[in-house]
Structures are given as structure tokens and as C-alpha cells.
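Novice: The structure follows.
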């Protein structure tokens, strides 16, 4: 059995791009099997097929994980993997016309708001701690280094969250 691994970086707001990437890989004959270290996407060779991948964000809670996966399975989705609270499911695109895991925009909006609160705000908190560390211990090079990465990334992610929310509210 052939195995393929690819390094890919998807930001918090890039879950739709990630879904497209995984679906394209399956059409090329590479079935997604999981993620190692948040950046290494693992695939195994398969027959090329028109398969849709969807990602849902849910905090890892072992008590209801089985019923959560069963809910998706009842609608024809196969659970594939989880990484950092992002659960990946797949479904054959030819099974039926329903290829979205969200039945309405408010559900998708709720997922986006959960990602914002649980991941983006946490990331922002760590950036502030890093800035504080640099200022307290008088390490201007460290502060400049963190700022060079953190400020543009934070602004970009905040703008993408704003765009996603705006699209769903229209």
C-alpha cells in the first residue's frame, strides 16, 4: 500500500481551503488518513473518486465523542481524523446531493464563533504573554521578532473571521 505525506499549512480560517485540498487529493487517488504534528498530511493510495471532505470544529470531549461521530455517520459521513479540535469527515459526492455538514448558516456561524473564541483568542493571549516577557526582561529583539510574525498574522486572521461572519450574515 502506497503512503504519501505532504507538509501543508492551513490557518484557523482556512478550513474551506483545506476541505478543497483534501477532496482534490482524493480525486487524484490519495485518500486522507490523518495529520501528524498539525502540518504533515498523511494519505494512502486509493482509486480516484469524487469525494467531499468537510471539517467541523468541536472541542474534544470524550464523553460525547461516540454520539457525535454517530450523528454524522447517520447522515452518510465517515469520520476520518481529528487535529486540534478540527474533525474531518468524508462522503462520496455521488451518494446524494447533500454534501454539506451544516444544514443552515447559523450552525456554520456558530462553528466560526467557537473557533474565534477557543483558538484565536487563545493565540492572541499567548502573543500578549510573549510581548510582556520581552518588555519585562528588556529583550527588544525578541519583542520585534514576535511582533514581526504576530501582528500581521493576528490582523489577517481577525479580518478573515470578519469576512466569514459577514458572508454568513448576508
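Novice: State, to one decimal in nm, how far the label point of residue 122 lies from the label point of residue 1, with both points 7 Å from Cα in the Cβ direction.
Specialist: About 3.1 nm, to one decimal.
Novice: So, one more: Tell me whether the range 3-92 comes out rounded, prolate or oblate; compute the Cα gyration tensor, take square roots of the eigenvalues as a ≥ b ≥ c, and use a/c under 1.5 as the rounded threshold.
Specialist: It is oblate, given that a/c is not under 1.5 and a/b is not larger than b/c.
Novice: In whole Å, what is the distance between the alpha-carbon centres of the range 117-133 and the range 2-27?
Specialist: Taking the Cα centre of the range 2-27 as reference, the centre of the range 117-133 is 26 Å away.
Novice: So how much slack lies between residue 92 and residue 36, counting 0.36 nm per residue of separation and subtracting their Cα-Cα distance, in nm? Intermediate values should be presented prior to the final figure.
Specialist: On the way: separation 56, 0.36 × 56 = 20.16 nm, distance 2.45 nm.
Working it through step by step, the gained length comes to 17.7 nm.
Novice: Here is a further query. By how many degrees, 0 to 90 and rounded to 10, does the Cα axis of helix 140-169 deviate from the longest principal axis of the chain?
Specialist: The answer is roughly 40 degrees.
Each reported figure results from applying straightforward, stated rules to the coordinates on display, with no laboratory input. Predicted model, so just to flag it, every value in this text is computed and none were measured. Don't worry about glycine lacking a Cβ; one is built from the backbone with ideal geometry, like all the others, and counts go over all protein chains shown.
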